[in-house]
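Notes for the one structure printed next.
The values are calculated or read from the model by the stated rules, or taken from the named source; none is laboratory data. For clarity, every value in this text was computed on a predicted model and none was experimentally measured. Cβ placement follows ideal geometry from the backbone for every residue including glycine, while neighbour counts extend to all protein chains displayed.
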Amino acid sequence: MKTRITTLLLALFVSFNVGFAQQDEECMNNLSIFDSYVKSKKYDDAYGPWKIVRNKCPRFNRAIYAHGEKILKHKIENSTGADQIAHINDLMLLFDQSREHFASKYDLGEILIDKANLSYKYKKELGKTNDQLYNMFDDAAQKDPKNFTNAKGLYTYFSLIVDLFDGGKKEAQQMFDKYDDVIEMIEAIETTYTEKLNKLVSKEEAGTDLTKKELKYKKNYEANLKAFETVKSSMDQKLGKRATCEVLVPLYQKDFEENKNNGVWLQRAMNRMYAKGCKEDPLFLKLVEQKNSIEPSADTAYYLYLLTDEQKYLDQTISLSTDPLRKAKLYKGLANDLKSKGRYGKARQYYNEALKLNPSDGSPYLAIAAMYAKSANNCGDSNFNKRAVFWLAANTAERAGRVDGRLRSAAARTATSYRTSAPSKSDIFSAGNKGQTIKIGCWIQRSVKVPG
């Protein structure tokens, strides 16, 4: 249950639009008492007056449900046996009541996931099976997918179907389908946060300082995106060897004829084979060509480019990409491929295109910095100037941390590492070029200022 703290506390004593309960002095007094106790984390003391308000005036104030969650969680964590189970069940009831009395403030998906997460956490105490738990999460996904946005819940949802597969209760295709379902749900959430974050990053990059409120939002967006990145990584770890090429190839070969005109199936199959490093298998090309024949897309063109290295597919990839964030991802994929082939100039071009479309993703800056560092020995006309390339690499790596808070630590470590290879203070003194600008040649074609 999301505790909408700002709205709740502001409205605690001023939102008198609930009817007869507004005049109930006992409810008002007890509301004030339990609110004070909750603020000081005296949850046992808050329990009595909270129950009075909850039972007598259930629509009096939303604090009944926001604070009640904290009170009951404290009771659950500090009890055992029948008492603990009673408190767990009471919290389940409270979740339902919050939506019953404040439906506009609590989405159905949010409530269903809160109940599923609670059941999963106390599955031993409640005697819940994996089947029952999975069905609770699946119920939320089916009834209100738009509001199934809880990172922990999304991971548990997928984790449970893997456990059911291991127990012989789900087929491999069902597990893979659920993986794709959850990934698509996560990507939709990430798109929302990324679009909001990009606006703030673009504002900063243009030289405008963010307000305190905007900085808070930026930090929140970055934290949420990082959380979902962790979920996706954990899902891949959970899937592990259950999705190797040895598993995928025979599965997709067996089902190909049945699904060869199913665009979704083909897309998911080729995506998974590529992600698991199966692109060398003939089946991968077969999947891509079939998908391209019935539904040409930027994805199929991209895979065909990787397989053939033909310029026409590269052009097709770019021309068919319309969604900005999706296009940024494709640009980055193309850049990564070019970087691996040593085509650094073209790779940088595509990394920069990706940055234009998704400025809050700092990873292209780290990739460009790595290419600079690797080229240092080839892009200077003197030992000093060759090593000066590492200043450029360090500056570029630092930029990754400025636009992308998720990479701040990694960017700082990388920049520090590059600077250890750059000229030292004594080298600068010997060269007598402090403060001068050095032009870097070859494919880099950039300048860097000698530190003063």
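The table below lists the values:
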item: Top-ranked residue in the stretch 434-452 [being on the phi < 0 side of the Ramachandran plot and part of a loop (DSSP other than H, G, I, E, B); ranked as surrounded by the most Cβ atoms within 10 Å (Cβ to Cβ)]; result: Ile444
item: Residues (more than 25 Å from Ala46 (Cβ to Cβ) and either β-branched (Val, Ile, Thr) or buried (at least 17 other Cβ atoms within 10 Å of the Cβ) (or both)) located in the stretch 73-118; result: Asp107, Gly109, Leu112, Ile113, Ala116
item: The listed residue being touching a residue at least 12 places away in the same chain (Cβ under 8 Å) and either assigned to a helix (DSSP H, G or I) or within 24 Å of Pro324 (Cα to Cα) (or both), out of Ala369, Ala422; result: Ala369
item: Options Val182, Val162: the member that is under 20 Å from Asp139 (Cβ atoms) and touching a residue at least 60 places away in the same chain (Cβ under 8 Å); result: Val162
item: Counted residues, the stretch 160-189 - those being of a type outside the set (A, V, I, L, M, F, W, C), crowded, with 19+ Cβ neighbours inside 10 Å and in a helix (DSSP H, G or I); result: 2
item: Test: residue in the stretch 40-55 that is at pLDDT below 95, within 24 Å of Ile111 (Cα to Cα) and basic (Lys, Arg); result: no
item: One residue from Ala431, Ala411, Ala415, Ala397 being closer than 19 Å to Ala376 by Cβ and more than 34 Å from the chain's Cα centre (by Cα); result: Ala431
